[in-house]
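Undergrad: Encoded as structure tokens, here's the structure I'll be asking about.
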Amino acid sequence: METSNQFNNLTIEEPPDFLVEPENTPIAAARATVRPNMASTTTTNRQATRKERPVPPITIDHIPRKDLLIKQLRDLTSGRITARVQGTSIKVFPQTTQAYEQVRDFIDNFKLQSFTYQLPEHKELRVVIRGLPETTPPGDIIQELKIRNIIANSCQVMINRRTRLPMPILLITLEKTEENKTIYNIGELGYFKIRIESQRKRVGPAQCFRCFS
């Protein structure tokens, strides 16, 4: 099936010179100067530069006019992105969270096919409740949490992969809000003593999502 792309027939005066991802610049820790006659406690004044968690890249697929698209994205973000060509796709590297959101909005508006990882602050809380019977209705748990001003997006009984039988463990997903974080303080539900902890990460690729809008 033939598809069309609005960037096919657009032109620009000159190709951009920013399609190559810049080299990484090492960040060195700042060391305090120690004088010979000073006490050894002065060494505690050393300060290390904190390395912030980078904003995840965004891969945009099936773009014939990559130069034009990057020019538009750089204009949109005031130049706060770089990019790298990958076959028929481009990998965009936003330099700030704001630039990341602007690129995502652009992708949604023009219904482009893309792939990226979620920002850490946008990820859901995923916790497990241990100690409840496997026959506990998930809806009852959601209502019980709501009474405590904790809003759960979903609740489900976990299944043993080998036996395919339900386990006395419930998986809860919630928005990452201050009120919802108080779920860790709950010690009992439905007359049962429980333990609530963060879901253990699986060994494998990081959480991601694709946009085929």
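The values are calculated or read from the model by the stated rules, or taken from the named source; none is laboratory data. Keep in mind it's a predicted model, so treat the numbers as computed, not measured. Backbone-built Cβ (ideal geometry, glycine too); neighbour counts: all protein chains shown.
Undergrad: From the set of residues in segment 135-151 that are under 17 Å from ARG195 (Cβ atoms) and not β-branched (Val, Ile, Thr), which is surrounded by the most Cβ atoms within 10 Å (Cβ to Cβ)?
TA: Looking at the filtered set, the residue picked out is LEU145.
Undergrad: Across segment 97-108, which residue is nearest to ARG80 (Cα to Cα) among those that are surrounded by 15 or more Cβ atoms within 10 Å (Cβ to Cβ) and touching a residue at least 12 places away in the same chain (Cβ under 8 Å)?
TA: Of everything passing the filter in segment 97-108, ALA99 is nearest to ARG80 (Cα to Cα).
Undergrad: It is to be established whether one or more residues within segment 109-118 are without any contact (Cβ under 8 Å) to a residue 12 or more places away in the chain, out of contact with any strand residue (DSSP E or B) (no Cβ under 6 Å at 6 or more places or on another chain) and part of a helix (DSSP H, G or I).
TA: There is at least one residue in segment 109-118 that is without any contact (Cβ under 8 Å) to a residue 12 or more places away in the chain, out of contact with any strand residue (DSSP E or B) (no Cβ under 6 Å at 6 or more places or on another chain) and part of a helix (DSSP H, G or I).
Undergrad: Let me confirm something: among LYS193, LYS201, which residue is basic (Lys, Arg), exposed (fewer than 15 other Cβ atoms within 10 Å of the Cβ) and either touching a Cys at 6+ places or on another chain (Cβ under 8 Å) or modelled with pLDDT under 90 (or both)? If you could, list the steps in order and put the result at the bottom.
TA: Working: LYS193 fails: either touching a Cys at 6+ places or on another chain (Cβ under 8 Å) or modelled with pLDDT under 90 (or both).
Result of the check over LYS193, LYS201: LYS201.
Undergrad: Oh, and also: Which one is surrounded by the fewest Cβ atoms within 10 Å (Cβ to Cβ), of the residues in segment 152-186 that are β-branched (Val, Ile, Thr) and under 15 Å from ILE196 (Cα atoms)?
TA: Looking at the filtered set, the residue picked out is THR182.
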